[in-house]
1. Quick one: which residue in R9, R21 is of a type in the set (K, R) and surrounded by 14 or more Cβ atoms within 10 Å (Cβ to Cβ)?
2. Could you please find all residues in the range 77-102 being modelled with pLDDT under 80 and buried (at least 17 other Cβ atoms within 10 Å of the Cβ)?
3. Can you work out which of the residues in the range 27-44 that are within 12 Å of the chain's Cα centre (by Cα) and either part of a helix (DSSP H, G or I) or of a type in the set (V, I, T) (or both) is farthest from L16 (Cα to Cα)?
Amino acid sequence: MKDPKSTIRYLGFQALSDGGRRFDFSFTRSDASLQSISVKAASELFFGPNHMAIQECAAICLATLKTRVLGTSVTVPASIKLTSEDVAQHRKPGKTSGRRRA
């Protein structure tokens, strides 16, 4: 069950030297404790047949964080790595990069 008093806010991103991106968020639990958390998206996630568009990455990172930390009592890590499974799970329907307009 999700805790309605927990919030995650997007703070921004930073391009990494290897071509990946780091997306920064603040995370507040119902006890009002505040923590910063980063989601790192490796450069490989932006290339290939099922690549993720840079424009959709922040939303996918946010959905991944909601799935992993809201409603849980686990300690929130300072950083997590986005996986191709996260991208597939949280991509909006119709957002497959393999399709091209005619």
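The values are calculated or read from the model by the stated rules, or taken from the named source; none is laboratory data. Given the structure is predicted, the values throughout are model-derived calculations rather than measurements. Here the Cβ is made from the backbone with ideal geometry for all residues, glycine too, and neighbour counts use every protein chain on show.
1. Numbers: R9 fails: surrounded by 14 or more Cβ atoms within 10 Å (Cβ to Cβ).
Only one candidate passes the filter, namely R21.
2. none
3. If we take residues in the range 27-44 being within 12 Å of the chain's Cα centre (by Cα) and either part of a helix (DSSP H, G or I) or of a type in the set (V, I, T) (or both), then I37 is farthest from L16 (Cα to Cα).
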